[in-house]
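The structure appears below as structure tokens.
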Amino acid sequence: MDKHNKLYIAYGSNLNLVQMADRCTSARVIGKSEMKDWQLLFRGSRTGAVATVEPKNGSSVPVLVWEITPADEAALDRYEGWPFLYRKETVEVKVNGKAVKAMVYIMNEGRPLGQPSCYYYSTILEGYMDAGFDVDILRRAAAESVEMEETE
């Protein structure tokens, strides 16, 4: 890996290979992994919520780990609304049996739970299917975000 590049964890719409190829022309998938003890949720507006991850013991979120260039990261920063909507954190995941540290975007606090738009959900669903991930995890996350929204 080039010393200027970094590893990036995708769990939402950036699982979509076509979308990432358009947005981050130099990015390449280095492997699949999971964020253990994290939960996928949707937050933002009531009907246009977007994906985030939050700590939750016993849960896990399937992810793709990408190698990205500084230009790719700048494109991701714009797309993710960094630093206003999302912040960057470094977490450890295993890729091909090896522990690696990678950057992940996590939504800043204070956004309500909600339902993703059909288009956004479909973009993530396509990524799940391309990666061979269990789509029930995505379906559950969308349903739980709506159910939990009602109790917040």
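None of the figures in this text is laboratory data; all of them are computed from the coordinates on show. Values in this document were obtained by computation on a predicted structure and should not be read as measured data. Positions of Cβ are generated from backbone atoms using ideal geometry, with glycine treated the same way; all protein chains shown enter the neighbour counts.
Points to keep in mind about this one:
- Order of MET20, MET107 - criterion: other Cβ atoms within 10 Å of each residue's Cβ, fewest first: MET107, MET20
- Shown in residue order for region 2-19 are the 3J(HN,Hα) couplings computed by the Karplus curve 6.51 cos²θ - 1.76 cosθ + 1.60 at θ = phi - 60°: 4, 5, 8, 7, 9, 8, 10, 9, 10, 10, x, 5, 7, 6, 6, 5, 5, 4 Hz (x for Gly and Pro).
- Contact order normalised by residue count of region 6-151, Cα under 8 Å, 6+ apart, percent: 32
- Helix-derived mean residue ellipticity, 222 nm - over the chain, DSSP H n ≥ 4, -39500 (n - 2.57), to 500: -10000 deg cm²/dmol
- Computed about the Cα centre, the dipole magnitude for the chain is approximately 400 debye when only Lys and Arg (+1) and Asp and Glu (-1) carry charge, each at its Cβ.
- Scanning residues 5 or more positions from VAL50 or on other chains, those with amide H under 5 Å from its amide H are ARG43, GLY44, SER45, with H placed 1.01 Å from N in the peptide plane.
- For GLY31, distant residues with modelled amide H under 5 Å away: VAL65
- Here's how it looks for TRP38: its modeled amide H is under 5 Å from those of LYS56, SER59, SER60, VAL61, which are all 5 or more places away or on a different chain.
- Going from the residue with the fewest nearby Cβ atoms within 10 Å to the one with the most, SER33, SER117 rank SER117, SER33.
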